[in-house]
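Just below is one structure, and these are the notes that go with it.
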Amino acid sequence: MSEEGLNTRWRVPLEWHEVWIRAITRPSLTTFEEMLADYRASTSRAYTWIYATSLISQLAILVGGWSTARSPYDGLGAYPGADSPMLSLICAPVSAGAAVLGFMISVGIFQWIAGRLGGTGEYENLAIAMASYQAPPAVVSAVLGLLGSWVLCGQWLFIPLGIYSLVLQVMAIKAVNRFSWERAVATILIPVGVLVLVGCLATVVLGVTLGSLFEAGF
């Protein structure tokens, strides 16, 4: 389908919950085309979804922590007042903002790689597609995180949720860039491989450096 057809075939606006439900329950090329053809679809809407759901997740973690006498920022306990409710509330919107920034960077990286692999999509379309399936699991994760504060098995539910989110990510990249499944999977695996390679090199360099220091008597 041409870019013009993508923008004009569907004109019925979709409410946020309709987008989320379709992305999760009916993931397909047609579903993503409907989302992208919505005249209200934009990066600002995608960023709003990521921010709002990330904030909900942070608040759920706080509620779970308070109910079990734990703080998500216990690691900062060495600092006076680090575990105070006020600091936790202040950190929540900041963390949500960081999630949006991370989302923007990840979308940019994926779309850049997809373009190098022959993809014909654009950053805005991929941001909308990825936000449509990342936002709902974020809310579910918030519930599971809250459940995990009281029920240990609740944390295990993150595993199938993560796997399904990964599948949706591949489908979104394929739908937006209109190339093969292999290239869509490669778009995700390439940055992962680069990170693993960088981590291995950093480990080797650190090991050699520390070995040299120990040999020098430090």
Legend entry - Set I109, I159, I190, I173: member being modelled with pLDDT of 90 or more and farther than 25 Å from M35 by Cα: I190
Inset, instruction - Answer yes or no: is there a residue in the range 128-139 that is out of contact with any Leu (no Cβ under 9 Å at 6 or more places or on another chain), under 24 Å from R40 (Cα atoms), part of a loop (DSSP other than H, G, I, E, B) and at pLDDT 80 or above. - result: no
Inset, instruction - Just name the residue that is surrounded by the fewest Cβ atoms within 10 Å (Cβ to Cβ) out of those in the range 161-208 that are in contact with a Ser or Thr (Cβ under 7 Å, 6 or more places away or on another chain) and touching a residue at least 40 places away in the same chain (Cβ under 8 Å). - result: R178
Inset, instruction - Give me a count of the residues in the range 107-122 that are in a helix (DSSP H, G or I) and crowded, with 17+ Cβ neighbours inside 10 Å. - result: 5
Inset, instruction - Take A216 and decide whether it is modelled with pLDDT under 85, over 30 Å from I61 (Cβ atoms) and out of contact with any Leu (no Cβ under 6 Å at 6 or more places or on another chain). - result: yes
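The values are calculated or read from the model by the stated rules, or taken from the named source; none is laboratory data. These numbers were taken from a predicted model, which means no experiment stands behind them. FYI the Cβ positions are ideal-geometry reconstructions off the backbone, even for glycines, and counts take in every protein chain you see.
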